[in-house]
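Throughout, read-outs are computed from the coordinates displayed, never taken from laboratory work. All values derive from a computational prediction rather than experimental measurement. Every residue, glycine among them, receives a Cβ derived from its backbone with ideal geometry; neighbour counts consider all protein chains shown.
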Amino acid sequence: MRARATSSRGFSLIEMVAAIVVLGILVAAAAPMLVNGLRAYDATSASLVTLGKLRYATERLARELREVDHTGANYSLNMSLINPQFTKADGVTVTVNQALPNVTLAYSAPPVAPAPLLVDQVSALGFAYFDQDNNATASNVNVRYVQITLSLVQGAGTYTQRTRVALRNKP
């Protein structure tokens, strides 16, 4: 009877130390996985934010370019490859300013100083101009499409989006 009474009192010191050692091994094995999971979540979140900026900036540029005014034989479009400028059908002149890594849109009316930021993290922004047969052109008379290529950098990754905009308001 004495053997039963002494064995039912609780844990021995050796049992408790063994349980703590096993628990420590489990925590040591699980901690790197948790840390890597948090790092992956942060990287994915940052990439998604960058992709959202990329889509917004490309769509905004496309919407602005669709409204280029057609006056006479030409579109009112300064076909610069770096800082294009154009006048929309409502008479507002829009200038795309590149000061990498930032791109701003400046409007003639209402004038805002400094020009509002369109997107940051830019590594490259390019414009190409095409005629109705998809041949590159340097003439306002022939331009029908403007291709925008925008690249943003996030960490070690570069995200690029290209879109082609058909100009409107051509009779």
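Below, the figures for the structure above:
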| read-out | value |
| --- | --- |
| For peptides 155-163, 60-68, sequence by mean Cβ density within 10 Å, most packed first | 60-68, 155-163 |
| Value of [θ]222 nm, deg cm²/dmol, for the chain, DSSP H segments ≥ 4, -39500 (n - 2.57) each, nearest 500 | -12500 deg cm²/dmol |
| Stokes-Einstein diffusion coefficient of segment 30-166, Kirkwood radius over Cα pairs, 20 °C, 1.002 mPa s, in µm²/s | 130 |
| Among LEU34, LEU117, ASN102 the positive-end extreme of the charge dipole of segment 30-166 (Cβ point charges) | LEU34 |
| Unit charges on C-beta of K, R, D, E only; dipole of the chain, Debye | 720 |
| Relative contact order of segment 30-166, pairs being alpha-carbon contacts under 8 Å that are 6 or more residues apart, as % | 21 |
| Folded to 0 to 90 degrees: helix 13-66 orientation relative to the chain principal axis, Cα | 10 |
